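Read the structure below first, then the notes.
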Amino acid sequence: MQNQTARLQRSERQLWKDSLRPDLRQKTNYVDVGCIRCMAAVIVLRCIPEDDYAKLKAVATSFVWFIPNDRVQGAVGTFPITVQERRGKSTRPCAQILYLSPSLEDMDFEITLALVAHEIAHLTLGHVLSGKSTNKVHEDAAWNLACRWGFEREVKRWHAVFREGDRDGQVAY
Ligand SMILES: [Zn+2]
């Protein structure tokens, strides 16, 4: 597969209309407006091909961005209920949160783009965001989708930097 490069598919204004743009959508205490992570999220959202973007749009209200600044220091406020999580036969109200750590502000922009694309890919694939995922099938699928969106170079860079555990098959190039 040749290197795929992300291309802009839509305007920033369209993201706002579709309730997906993190920095214009929510209370600002959840999102450090103008930060590098927001910038990365806007780029990724603008580059997602139309078919996947439609899937993401359909789940726009099922998650909340949490892109706090350093001063928050892990303090988590209250979030709106966005999903009903299934527990056995019953369900319980939950907030599905897409958290982007302040530590990403200090990393290479490629790394930040790769991780943001990966997290948004999880949502697009309908995966439940719950802490650090250990589901390798889901992880592979999310990295692969980020590559298909044109962030292959960034994903390769991420994997070159974070050589954790068994990387075999983590990304299908
Ligand atoms: Zn993941």
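Bear in mind that the values in this text are calculations on the coordinates, not laboratory data. What you see is a predicted model, and the numbers here were worked out from it, not measured in a lab. A quick note on method: Cβ atoms are made from the backbone with ideal geometry, for glycine too, and the neighbour counts reach across all protein chains shown.
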Backbone HN-Hα couplings from phi across region 147-154 [Karplus 6.51/-1.76/1.60, Hz, Gly and Pro as x]: 5, 4, 6, x, 9, 5, 4, 5
Under-5 Å amide H pairs with Glu85, H placed in peptide plane, nonlocal only: Arg92, Cys94
Please list 3J(HN,Hα) in residue order for region 37-49, calculated via the Karplus relation 6.51 cos²θ - 1.76 cosθ + 1.60 where θ = phi - 60°; whole Hz, with x for glycine and proline. 4, 4, 4, 4, 4, 5, 4, 4, 4, 6, 9, 5, x
How do Ser19, Ser62 line up, fewest other C-beta atoms within 10 Å first? Ser19, Ser62
Environment charge at Arg10 (Cβ cut-off 14 Å; Lys +1, Arg +1, Asp -1, Glu -1): +1
Amide H neighbours of Tyr99 under 5 Å, counting only residues 5+ apart in sequence or on other chains, H built in-plane at 1.01 Å? Phe66
From fewest to most C-beta neighbours within 10 Å, the residues Trp16, Trp65 line up as Trp16, Trp65
Going through Lys55/Lys156; Lys17/Lys89; Lys17/Lys156 one by one, the pairs whose alpha carbons sit over 27 Å apart turn out to be Lys17/Lys89; Lys17/Lys156
Any idea how far apart Phe109 and Thr82 come out in nm if each label point goes 7 Å out from Cα toward Cβ? 2.6 nm
